[in-house]
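Trainee: Below are the structure tokens for one structure; questions will follow.
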Amino acid sequence: MQRLIVYFGLILLGLVTSLFGQTSAKFSVPKDKMLLVVGQDLSAIGGFEAPNNNGYVDNFNVLPGGVTFYTNLPSLMGLEDPVNYGAGDVCAPCVVDNPTLKNTALSIGLYLVDALESIAKGTYDDEVNELGRWIKKTNRPVFLRIGYEFDGNWNHYEPKAYQAAFRRIVDIFRKMGVDNCAFVWHSGTSPVDDKIEGFHENIGDWWPGDEYVDYCGYSWFVASEEQAKLTDELVNFARAHNKPAMVCESSPQGYDVVRLTRRNFGAVYDGPAGENLQVKTSEQIWSEWFVPFFEYIEKNKDVIRVVAYIDCNWDVQPMWGPPYKDGYWGDCRVEANKYIKAKWLEKVTAADWLNGGAELFTTMGYTKH
């Protein structure tokens, strides 16, 4: 009888794995669905007091399934009080305490630049514990992108140090019983990064181990063959390790959906940032960036479970606006262009997309404590 119990237990475990693509998270997005996430600052999300009251949720009658914000170790900026890095207001408690957003998941980008070795040695264990307590207290599904865009030149994460820091954070969370958190391994998948470095790294060098990762993530900013090729590498890596994939950051870099233009990203990629202005129609912007973006997701829907879009006017933010020292980004608010808004809504309200609502957590297999 004991052997039969073990046998049927293994069968059940196999069914869970086949349905959700992994077993270590305490929730998951079903295989036939994709969760829509929007961010990445309060103005982009919307639903707050002025000046953050004209964002995504103010302009659509459908809530996103999740929202994005950021914090860091060791400072945990924005976790308890509002902060602005020059890229919009970030305020984790503002999001969690907003009744409009109560039925949404959270995607948290955890910035670890210059902190990896200290994290791995345990210097910041108190701060990791504080973050774990905060996440546990939210009582909702959380996707934690530990050291996001780990292979980006701008982060200079040494692979071994990154692995060690990632594992220590996960080990501490598990010891604390933070069971509402999925751990995301997020590659930059950036053609710009390869241009800067002049070579392409092996993303597997940063892999912390199958038992430590719940989702493999990627960024998508450039609609190009290079972007698709780099993303193929990440998506195929996810398949090989039996992990679902997450579009962690995405936005049509270089386009302005209000002015109807496209400009250079930056000198290292396509020319001086903000120059080479090209006039576009709404239809051209949709076909040049959004169509390849959604077609790639559709092509890989067997593994992609979460899609996060950055819905902001980059050009008015000091960090990203003129003189474009970090490249030209544009205005990517899907609600700001009538044609793009309609096309977007048609896509993300299809039957295979998950948006916010009273049944969302149940669909994701998460039970509130």
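Trainee: With a 10 Å Cβ neighbour count serving as the proxy for reagent exposure, in which order, fewest first, do Thr68, Thr281, Thr231 appear? Please list the in-between numbers first.
Mentor: Numbers: Thr68 26, Thr281 10, Thr231 20.
By the 10 Å Cβ count, ascending: Thr281, Thr231, Thr68.
Trainee: Report the net charge of residues surrounding Ala120, where surrounding means a beta-carbon distance below 14 angstrom and charges are Lys +1, Arg +1, Asp -1, Glu -1.
Mentor: Details: positive: Lys121, Lys160, Arg167, Arg168; negative: Asp114, Glu117, Asp125, Glu127, Glu158, Asp171.
Net of charged neighbours comes to -2.
Trainee: Determine, for each peptide in 144-152, 119-127, the mean count of other beta carbons within 10 angstrom over its residues, then list the peptides with the highest first. All intermediate terms of the calculation are to be shown ahead of the outcome.
Mentor: On the way: 144-152: 24.7, 119-127: 16.3.
Per-residue mean Cβ counts within 10 Å order the peptides as 144-152, 119-127.
Trainee: Could you give each residue of segment 155-164 its phi-based ³J(HN,Hα) in whole Hz, using Karplus coefficients 6.51, -1.76, 1.60 with θ = phi - 60°, and x for Gly or Pro?
Mentor: Couplings: 9, 6, 8, 5, x, 5, 5, 5, 4, 5 Hz.
Trainee: Taking a quarter of the surface of the Cα convex hull of the chain, what do you get in nm²?
Mentor: On the way: hull surface 73.1 nm².
Mean orientational projected area (the chain, Cα hull): 18.3 nm².
Trainee: I need the peptides 201-210, 130-139 ranked by packing, meaning the mean over residues of other C-beta atoms within 10 angstrom, with the highest value on top. Mind dumping the intermediate values first?
Mentor: Details: 201-210: 15.5, 130-139: 17.3.
Top to bottom by mean Cβ count within 10 Å: 130-139, 201-210.
Trainee: If you average the alpha carbon positions of segment 199-275 and of segment 96-159, how far apart do those two centres end up, in angstrom?
Mentor: Taking the Cα centre of each part, segment 199-275 and segment 96-159 sit 20 Å apart.
Trainee: Tell me which residues come under 5 Å, amide H to amide H, from Leu354 once H is placed; ignore anything under 5 positions away on its chain.
Mentor: Those qualifying (amide H under 5 Å, at least 5 residues apart or on another chain) are Met34, Leu35, Leu36.
Trainee: What's the percent breakdown of Cα-Cα distances in segment 23-154 across 5 Å bins, shortest bin first?
Mentor: Reading upward from the zero bin: 2, 10, 19, 22, 19, 15, 9, 4, 1, 0.
Trainee: Ok, one more. Over segment 33-355, calculate the relative contact order: mean separation of alpha carbon pairs under 8 Å at least 6 apart, over the residue count, as a percent.
Mentor: Working: 657 pairs, mean separation 60.8, N = 323.
Contact order relative to length: 19 percent.
Trainee: Still on this structure, please answer the following. Can you check what the net charge comes to around Ala240, using other residues whose Cβ is under 11 Å from the Cβ of Ala240 (Lys, Arg +1; Asp, Glu -1)? Could the numbers behind the result be given before it?
Mentor: Working: positive: Arg239, Lys243; negative: Asp210, Glu233.
That works out to 0.
Trainee: Please compare each pair in Lys26/Lys243; Lys160/Lys325; Lys175/Lys368 to a cut-off of 23 Å on the Cα-Cα distance and tell me which ones are over it. Intermediate results must be reported in sequence, preceding the final value.
Mentor: On the way: Lys26/Lys243 14 Å; Lys160/Lys325 30 Å; Lys175/Lys368 20 Å.
Long pairs (Cα-Cα over 23 Å): Lys160/Lys325.
Trainee: With only Lys, Arg, Asp and Glu charged, each at its Cβ (+1 for the first two, -1 for the last two), find how big the charge dipole of segment 33-355 is about the Cα centre; round to the nearest 20 debye.
Mentor: Value, rounded to 20: 800 debye.
Trainee: Restricting to bridges with both residues inside the chain, how much of the DSSP beta-bridge set is antiparallel, in percent to the nearest 5?
Mentor: Values: 8 of 47 bridges.
In the chain, DSSP labels about 15 percent of beta bridges as antiparallel.
Trainee: Related question: For the chain, give me every cysteine whose Cβ has no other Cys Cβ within less than 4.7 Å, ordered by residue number.
Mentor: Cys181, Cys216, Cys248, Cys312, Cys332, each lacking another Cys Cβ under 4.7 Å.
Trainee: Hey, can you rank 217-227, 39-49, 267-277 by average C-beta count inside 10 Å, highest first? If you can, show how the numbers build up before the last one.
Mentor: Numbers: 217-227: 21.2, 39-49: 22.7, 267-277: 15.6.
Highest-to-lowest ranking by the protection proxy: 39-49, 217-227, 267-277.
Trainee: Report relative contact order for segment 162-282 in percent, whole number only (criteria: Cα-Cα under 8 Å, sequence separation at least 6). Working shown, then result.
Mentor: Details: 163 pairs, mean separation 26.3, N = 121.
About 22 percent, as a whole number.
Where a number appears in this text, it was derived from the coordinates with a stated rule and is not lab data. Quantities reported herein were computed from a predicted structural model and do not represent experimental measurements. Virtual Cβ from ideal backbone geometry, glycine too; neighbours counted across all protein chains shown.
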